[in-house]
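Asks: Please find one structure pasted underneath; my questions will follow.
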Amino acid sequence: MDGIKYAVLTDKSIRLLGKNQYTFNVESGSTRTEIKHWVELFFGVKVIAMNSHRLPRKVKRMGHKMRYRRMIITLQPGYSIPPLRKKRT
């Protein structure tokens, strides 16, 4: 699980939860097959599709460099990742 940094909760990612798609920031050096394997192993789900993109660069300050990319992971119907599906009370 070293390659997955954290789950992303933005307006778009919350809308995608309804389509059974989850958004994570991952290490830029990780491959798709590694990320798929980690998600399936750690959460016990089946991944059917993965899309990735790098976020737009921000103003460069003192050599700061983003070392991650965003992955949108689509799960097979009937599967979900429990910590991200809880409703607030």
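The numbers here are math on the coordinates, done by the rules we state, and not lab data. All values derive from a computational prediction rather than experimental measurement. With ideal geometry, Cβ positions are generated from the backbone for all residues, glycine too; neighbour counts draw on all protein chains shown.
Asks: So if each residue of separation counts as 0.36 nm, and I subtract the Cα-Cα distance between Asn51 and Thr31, what length gain in nm does that give?
Replies: Values: separation 20, 0.36 × 20 = 7.20 nm, distance 1.17 nm.
Length gained, Asn51 through Thr31: 6.0 nm.
Asks: What nm value, rounded to one decimal, do you get for the distance between Leu41 and Gln76 when each label is placed 7 Å out toward the C-beta?
Replies: The answer from the label model is 1.9 nm.
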